[in-house]
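To start, the structure under review is shown below, and the notes come after it.
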Amino acid sequence: MNDLQNIYIIGAGAIGKTLAVALRLENRKVYLLRGSVDDGLTETRTLQVIPETGDTIEAAVEVSSFSQFSELNGVIVLTNKSYGNRRLAETLRQKAGNSPLVLLQNGLEVEQPFIELDYPAVYRCVLFVTAQTVSENAVRFKPVSVSPIGIVRGTVAGLHEVVSLLDSARFQFKADNDIETIVWKKAIINCAFNSVCPLLDIDNGIFHRNEAALGIANRIITECMAIAREKGIHLDAGEVEQNLLRISRSSDGQLISTLQDIKNGRETEIDTLNLAIARMAKGLGMEEAVRETALLGELTKIKSGL
Ligand SMILES: NC(=O)C1=CN([C@@H]2O[C@H](COP(=O)(O)OP(=O)(O)OC[C@H]3O[C@@H](n4cnc5c(N)ncnc54)[C@H](OP(=O)(O)O)[C@@H]3O)[C@@H](O)[C@H]2O)C=CC1
Ligand SMILES: CC(C)(CO)C(=O)C(=O)O
């Protein structure tokens, strides 16, 4: 029997901590599990979430690791960086049983390792929030709009069940029946932000401040849309550009996660962004159509390894 009341959040980063606090404040049963380490420790930490306006909220959250659990019987929410998915898909397989997974991650093909290992229920979310770690137990958080969740593999009833378990006043979710289109739109925008900003070593505002940078973003949008079309996803280039500009204005001065990762010597998610587009293009015999997207991705990867 699956006890969906248990919510296991994997990855104690900016998003994982924020979600854990939002759910604890509604008395949900939350376990925050470390994604990159398994030190066998369990501790209760007081985590703080600092909004842009208004009062800081906080909650006591149990933080532990995989070896503390023989099974994860409930909803499993992935808030780890996408490059950890392949290893996590293997580590989790036995413990997860039939528990549904919800992926709160940027990028394309991030669900692939879980599909390959036959997880029975996989749901995908596109996050419309910004969260940044400010200290070990504090996160700055700005909800932009309600984050949609849709089905990769599962049922409509299952989708509504996970949405109602995760949705809360402070971190809102809704069910969406066309998540693939939203995933692509956001991923294309990230292909521009997560390569151009790190390569220029500049903040997210560059696209609304600099016409030449916006020109490069528009070429990336055009290239990626050609691949999206082949996958049956039809987007409007003008609308994607407007979304990119809106994010650029609203996050002026902020550094994109890939640039923060490079500055901190961590791996980046470029493999599930520009490099995922390049792999898909190769599979379709369309390498020439995505030359700039692929090149920017390769340069970003080189920069992260220097
Ligand atoms: N922050 C934001 O504003 C937004 C984030 N996103 C997406 O949400 C996801 C989470 O982002 P965010 O919380 O900001 O990222 P953080 O870097 O703050 O946290 C990610 C967590 O991933 C875990 N992790 C890192 N490496 C590995 C690994 N090799 N294997 C398993 N787990 C690992 C770590 O957990 P632990 O410390 O427990 O080991 C880490 O704390 C990403 O896909 C990001 O692109 C999307 C939109 C906005
Ligand atoms: C594009 C952006 C900045 C929007 O939140 C994002 O996805 C991120 O912070 O990783």
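Looking at Leu127, is it modelled with pLDDT of 95 or more, under 19 Å from Asn243 (Cα atoms) and within 16 Å of ligand 2 (Cβ to nearest atom)?
Yes.
Which residue is nearest to ligand 1 (Cβ to nearest atom), if the candidates are limited to the range 97-107 and must be surrounded by 23 or more Cβ atoms within 10 Å (Cβ to Cβ) and over 8 Å from the mean Cα position of the chain (by Cα)?
Looking at residues that are surrounded by 23 or more Cβ atoms within 10 Å (Cβ to Cβ) and over 8 Å from the mean Cα position of the chain (by Cα), I get Val102.
Would you check which residues across the range 266-306 are open to solvent by 40 Å² or more (accessible area, probe 1.4 Å) and within 12 Å of ligand 1 (Cβ to nearest atom) and list them?
Passing the criteria: Arg266, Glu267, Asp271.
For (1) assigned to a strand (DSSP E or B); (2) polar (S, T, N, Q); (3) within 16 Å of ligand 1 (Cβ to nearest atom), each residue gets a yes or a no:
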| position | (1), (2), (3) |
| --- | --- |
| Ile149 | yes, no, yes |
| Phe171 | no, no, yes |
| Lys186 | no, no, yes |
| Asn190 | no, yes, yes |
| Phe207 | no, no, no |
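Counting only residues that are surrounded by fewer than 17 Cβ atoms within 10 Å (Cβ to Cβ) and in contact with a helix residue (DSSP H, G or I) (Cβ under 8 Å, 6 or more places away or on another chain), how many does the range 5-27 have?
1
Considering each of Gly238, Gly158 in turn, give the residue that is within 26 Å of Gly16 (Cβ to Cβ), more than 20 Å from the chain's Cα centre (by Cα) and away from ligand 2 (no atom under 16 Å from the Cβ).
Gly158
Residues are listed down the side, and each one gets a yes or a no for (1) at pLDDT 95 or above; (2) within 14 Å of ligand 1 (Cβ to nearest atom); (3) polar (S, T, N, Q):
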| residue | (1), (2), (3) |
| --- | --- |
| Asn2 | no, no, yes |
| Ile9 | yes, yes, no |
| Arg24 | yes, no, no |
| Leu33 | yes, yes, no |
| Asp39 | no, yes, no |
| Thr44 | yes, no, yes |
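Can you report the number of residues in the range 244-262 which are of a type outside the set (A, V, I, L, M, F, W, C) and within 12 Å of ligand 1 (Cβ to nearest atom)?
So the count comes out to 7.
The values are calculated or read from the model by the stated rules, or taken from the named source; none is laboratory data. Just so it is clear, the structure is predicted and the values come from calculations on it, not from any experiment. Cβ: placed from backbone, ideal geometry, glycine included. Neighbour counts: every protein chain shown. Areas reflect the complete protein model, heavy atoms only, side chains present, ligands, DNA and RNA absent. Shrake-Rupley method; radii C 1.70, N 1.55, O 1.52, S 1.80 Å.
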